[in-house]
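Questions regarding the structure given below will be posed in turn.
The values are calculated or read from the model by the stated rules, or taken from the named source; none is laboratory data. Everything numeric in this text was worked out from a predicted model, so none of it was measured. FYI the Cβ positions are ideal-geometry reconstructions off the backbone, even for glycines, and counts take in every protein chain you see.
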Amino acid sequence: MPRRKKHPKLPNGYGTIRYLGGKRRNPYAVQPPTQEFRKNGSPITPKAICYVDDWYVGFAVLNAYHAGTYTPGDEIKFKQIRPMDDRAVDDFCRRLLADHNAQAFVKAEEKGKTFAEVYELFYDWKYGDNAKKKLSDQSKRSTQAAYKNCATLHNKVFKDLRHRDLQTCIDGCKLKSASIELMVSLIKQMYRYAVLYEICDRDYSGNLSAPEQDDEHGIPFSDDEMKILWENQDDPIIEFLLIMCYSGYRITAYKTLEVNTDEWYFRGGIKTAASKNRIVPIHSAIQSIVKRRISRYGCLLEESTYEFRKSMYESLRRLKIENHTPHDCRHTFSRLCEKYGVNENDRKRMMGHSFGSDITNGIYGHRTLDELRTEIEKIKICD
């Protein structure tokens, strides 16, 4: 059986010239590019433009189709002018395809890189072999997870994105605060990279913010569990849990908190306008723990939050305390404030909660450090 001639390979999105079998009068089906897909992602074969008896005639039909000049019956005309020299027509087809690919590349460059393409460049710049600084595997995983959660942006042209597009992506994610904060961080880093390397002219991520989810679900430590924590305060993991339970910051904030051991207060915060740069007096019960931890590590939280979580879960299992997350410490602080009668507005201030429509408290309700200290000291250690 004679072997069929190998024809030039057609580029993706160009269409197909499908051989149906030698017994047909017109064995080649000329099909346009696939436009529809099934729910499982498999392509739906489009209806043929026409059927021809020669591959090169089919190629002429596809070229006319892309140029917008094809009309039914043109294949008969193309067959009549089809050159007899296969090598000559083969070279001609390859030149046409080369021109098509070059034009497609130029159009892609003019259109601009997609969010996904910029991410690939950014990721290599940050984590690749030539990166300025070697970063942890946890940092890589966080970046990858944040990118995955930005799926609605992946195929959009990066330079055409605006703040509204970015914020819509963030607002549409039904994820925990930590995951959304990683998305915001990734987008801002990508914009700094894109502006630096002239992929776009302007940074539209500056005012991007995570939607407020201050009351994400959690279970505070009970009084009995708090008693166990105090009995094991010499454990480095437990001592940090106690610090969080008596100050109410989110765990990532402890990486950058200002710790003043002269006037005994924390200053800092993350996420919302109400949360950032707030002051929380350091409760007298944890002052010695804070001082000891700073002396030992030079900071409050030395390891990554990922590594701390692993150690925390192991410590809680060892102490036979039901599983808690670091964010449960924030819920514990709120519970202790309510239990011991801390002024509600001061509780909101120390936790970085928004006052919403309460303009008087939100704008004019300033409190001194001593006034806040009086409130936080209402909290007792154990009854």
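Please name all residue pairs, on different chains or six or more residues apart, with Cβ atoms under 7 Å, provided the first residue is in the range 141-153 and is at negative phi and the second residue is of a type in the set (Asp, Glu) and buried (at least 21 other Cβ atoms within 10 Å of the Cβ).
none
Pairs please, first residue from the range 301-325 and exposed (fewer than 12 other Cβ atoms within 10 Å of the Cβ), second anywhere and part of a helix (DSSP H, G or I), Cβ atoms under 9 Å, 6+ apart in sequence or on different chains.
Cβ pairs passing all conditions: 314/237; 320/228; 322/225; 322/316; 323/313; 323/316; 323/317.
Here's a follow-up. If you scan the range 254-266, which residues turn out to be surrounded by 14 or more Cβ atoms within 10 Å (Cβ to Cβ), closer than 20 Å to residue 305 by Cα and modelled with pLDDT of 90 or more?
254, 257, 259, 266
What number of residues within the range 309-366 satisfy the criterion of being modelled with pLDDT under 90 and part of a loop (DSSP other than H, G, I, E, B)?
Final tally of qualifying residues: 11.
Just give me the residues in the range 274-286 being surrounded by 13 or more Cβ atoms within 10 Å (Cβ to Cβ) and not basic (Lys, Arg), in sequence order.
Passing the criteria: 274, 275, 279, 280, 281, 282, 283, 284, 285, 286.
Which count do you get for residues in the range 121-141 that are modelled with pLDDT of 90 or more and surrounded by 13 or more Cβ atoms within 10 Å (Cβ to Cβ)?
7
I would also like to ask the following. Of the residues 222, 205, only one is surrounded by 13 or more Cβ atoms within 10 Å (Cβ to Cβ), over 27 Å from residue 181 (Cβ atoms) and modelled with pLDDT of 85 or more; which?
Numbers: 205 fails: over 27 Å from residue 181 (Cβ atoms).
222 is the lone residue from the list that is surrounded by 13 or more Cβ atoms within 10 Å (Cβ to Cβ), over 27 Å from residue 181 (Cβ atoms) and modelled with pLDDT of 85 or more.
Quick one: which helices (runs of 4 or more DSSP H) sit completely within the range 131-233 and have at least 3 residues that are closer than 30 Å to residue 288 by Cβ, out of contact with any Ser or Thr (no Cβ under 8 Å at 6 or more places or on another chain) and of a type in the set (A, V, I, L, M, F, W, C)?
Details: elements: 137-149, 163-171, 177-196, 223-231.
The qualifying helices (runs of 4 or more DSSP H) are 223-231.
What is the residue count in the range 170-187 for residues that are basic (Lys, Arg) and surrounded by 16 or more Cβ atoms within 10 Å (Cβ to Cβ)?
Step one: list which residues in the range 170-187 are basic (Lys, Arg), which gives 174, 176.
Then drop every residue that is not surrounded by 16 or more Cβ atoms within 10 Å (Cβ to Cβ), which leaves none.
Selection size over the range 170-187: 0.
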